[in-house]
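The values are calculated or read from the model by the stated rules, or taken from the named source; none is laboratory data. Since the structure is predicted, the reported quantities are computational estimates derived from the model, not experimental observations. FYI the Cβ positions are ideal-geometry reconstructions off the backbone, even for glycines, and counts take in every protein chain you see.
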Amino acid sequence: MRPVPNTTLSGGILTPVAQIDLIEETFVAAVPALVAAAVHEPGFTAELWPDLRLAVFMDRGLEGIRWTATGALAGSCEVWLEAFGDGVVIHTYLRCDLTDSAGAVVTPSPRDAVREIQARARHAKRVLWAVKDRLEAGRGPGEPSVRVAAGEG
């Protein structure tokens with residue numbers, strides 16, 4: 001297979017896709033400020049990606065955060081908050097390669113890569129649903145979204 005030419009990148013060659021390229025999304029019926037506050041809590045990322053060391057390279061406030069990641073994986077991760085209807089869609093992105101204990105990138109078998117992606121997807125969904133449960137506590141199905149203060153709307 002020949003590399004795909006791309007004149008916008010130095011050397012004219014596209015870089016390979018990360019081994020772990022995962023997107024998870026969850027809708028939370030709460031106002032953006034409430035969801036952003038939850039995502040900015042240090043415990044959120046520690047629970048979402050417990051085996052990663054994160055360094056913020058773009059704090060987008062009510063729209064989320066982007067990090068560089070090292071540790072069990074090397075690459076980037078992001079939480080993008082998209083206001084939608086009467087709530088927010090939490091989009092999480094994990095674009096990383098697996099590393100060994102010294103931090104060097106390793107190449108897993110295709111089966112191991114799929115297992116890693118599936119395990120991280122299940123874990124991310126559990127964490128996102130816990131945030132959803134916490135922020136929507138007391139809200140019944142079909143009721144308006146959770147507000148930061150009474151009368152906000």
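What the table below lists for this structure:
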read-out: Identity of the residue in the stretch 62-113, touching a strand residue (DSSP E or B) at 6+ places or on another chain (Cβ under 6 Å) and of a type in the set (Phe, Trp, Tyr), that ends up farthest from Gln19 (Cα to Cα); value: Trp80
read-out: First in the stretch 106-135 and of a type in the set (S, T, N, Q), second anywhere and surrounded by 11 or more Cβ atoms within 10 Å (Cβ to Cβ), Cβ under 7 Å, 6 or more apart; value: none
read-out: All positions within the stretch 42-81 that are part of a loop (DSSP other than H, G, I, E, B) and either exposed (fewer than 12 other Cβ atoms within 10 Å of the Cβ) or touching a helix residue (DSSP H, G or I) at 6+ places or on another chain (Cβ under 6 Å) (or both); value: Pro50, Asp51
read-out: The lone exception for Glu41 - which of (1) at pLDDT below 95; (2) of a type in the set (D, E, K, R); (3) in contact with a strand residue (DSSP E or B) (Cβ under 7 Å, 6 or more places away or on another chain); (4) farther than 25 Å from Asp112 by Cα it fails; value: (3)
